Amino acid sequence: MTVDPGGVGPGAPRRTVLVGCGKLGLRLSTLLMADGGEVVALRRDASGLPASVRAVEADLTAPLAQSLPAADAMVITLPPSVDPRGYPVVLRHLRDALPSTPPRTVFVSSTGVFEGWDGRQPITEADVPRPRSERARRIHDGELAAIDLFDAVVIRPAGIYGPGRHFLVRTVRDARPVNPRTRTNRIHESDLVRALDLLVRGGTVPDVLHAVDAAPAPLGDVTGFIAGLMGVEPPPDGGEEGGPGNVFDGRLLRDFLGGLDYPSYREGYREMLEKQ
């Protein structure tokens, strides 16, 4: 598939099923419902879901006792740990509970499918993962199953940060050792939700999309910037733990969205710390 540039798509799907509706799903649901769409949220524990969404409490590690409603779109945000048998099991249970395949399914994966990558840098959507770690294999198996079962679009976020996602801020505050040489990539949660919103609205979209901002950087640059904002010393050098890391090319995402609200970690972390 190709990209419709400019980040403008059609209206919200009439009904979207959010499978594993956590923080991302809740933010996405707000955008979809504001545009007149209905949202069905599927979770093991639906007690924390807002009344504005149609909650379905179900555990996909076993066949569902009830059928799910037909949907125009579906977004899957299940973690690799959802079932020790792997993604294919739970995704088959999901397929069997649906009356038909939604016209648009988005599988939220991870740039972690490239753990152990020894190919060219930066990595683009044209590069095919060669997973070496168990975690990378599990995630890639999920991608393949989602494509096979639902003809899914795959989006691979890098490290997600934003309000309520303060891992690196805590790392700096607590002076936890880091490998400052590790190559890292990030995406602000707001830009990721914008991408998910546009992907489910139909139209022409990429088959695979790397959700990364425009500023891949060594971890030491990022933690040093955060430390400067906080007025503290950068975290100590912890040696080579974490490995060399990867660099991802984010041009396709920027073209798809028509630009990022947070093109680098500088804008995002500055805003986060100003609001603390």
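Here are G203, G231, G258: which of them is at positive phi and modelled with pLDDT under 95?
Among G203, G231, G258, only G203 is at positive phi and modelled with pLDDT under 95.
Summed over region 118-135, the residues that are modelled with pLDDT of 95 or more and either under 19 Å from L196 (Cβ atoms) or in contact with a Lys or Arg (Cβ under 7 Å, 6 or more places away or on another chain) (or both) give a count of 1. For region 157-197, a residue qualifies if it is over 13 Å from the mean Cα position of the chain (by Cα) and among the β-branched types (V, I, T), and the qualifying residues are V169, T171, V172, V178, T182, T184. Residues in region 232-245 that are in contact with a strand residue (DSSP E or B) (Cβ under 9 Å, 6 or more places away or on another chain), outside any strand (DSSP E or B) and of a type in the set (D, E): 1 in all.
The values are calculated or read from the model by the stated rules, or taken from the named source; none is laboratory data. Fair warning: this is a prediction, and the values are worked out from it, not measured in the lab. As a convention, Cβ positions derive from the backbone with ideal geometry for all residues, glycine included, and neighbour counts pool all protein chains shown.
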